[in-house]
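The values are calculated or read from the model by the stated rules, or taken from the named source; none is laboratory data. This one's a predicted model, so the numbers in the text were calculated from it and none came from an experiment. Ideal geometry is used to build each Cβ from the backbone, glycine not excepted, and the neighbour counts take in all protein chains shown. Side chains are part of the model used for accessible areas, which takes the heavy atoms of the whole protein and leaves out ligands, DNA and RNA. Shrake-Rupley method; radii C 1.70, N 1.55, O 1.52, S 1.80 Å.
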Amino acid sequence: LVALATFICFVASRSHEAYTALAVMEVIITLLFFLLYLLKLDKKMTWLFWPLADIFNSMTAALFLLIVCLCAVIIKTNNGTLAGGVLGLVLLVLCVVDAVLLFQKISISGPRERNIPAK
């Protein structure tokens with residue numbers, strides 16, 4: 001929801017295209033991961049360790065959000081750009097918290113769940 005609010009602020013204020021593109025990219029990727037976990041597709045598509053992909057996405061998004069939202073806040077062409085930049089920085093914190101919580105949840109050295117029931 002924060003990514004969607006950031007996107008709406010950037011679109012409404014007619015900000016630079018990079019701000020809008022990053023916000024819409026994060027909204028789409030977040031929705032895809034939400035649907036992946038909601039429909040339990042991560043259990044069916046076992047060719048990728050999805051929590052690790054989610055951590056990678058969160059850290060990459062945090063890096064891009066740091067750069068773009070700091071530029072939006074510093075340049076501040078109008079109040080909508082400032083609001084989008086501040087919401088983007090809040091989203092950055094949420095992405096880092098998500099990555100830390102997921103990293104604590106997974107155990108690389110421990111046994112993985114079996115998706116195939118034992119006979």
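Looking across 33, 7, one residue alone is in a helix (DSSP H, G or I), of a type outside the set (Ser, Thr, Tyr) and open to solvent by less than 50 Å² (accessible area, probe 1.4 Å). It is 33. State which residue is least open to solvent (accessible area, probe 1.4 Å) when the search covers only region 46-59 and only residues that are of a type in the set (A, V, I, L, M) and touching a helix residue (DSSP H, G or I) at 6+ places or on another chain (Cβ under 8 Å). Per the stated criteria, the residue is 55.
For the subset of region 10-21 comprising residues that are without any contact (Cβ under 8 Å) to a residue 60 or more places away in the chain and under 17 Å from the mean Cα position of the chain (by Cα), which member is surrounded by the most Cβ atoms within 10 Å (Cβ to Cβ)? Result: 20. In region 60-84, the residues that are buried (at least 17 other Cβ atoms within 10 Å of the Cβ) reach residues that are assigned to a helix (DSSP H, G or I) and charged (D, E, K, R) with C-beta atoms within less than 7 angstrom, at least six apart or across chains, in these pairs: 61/26.
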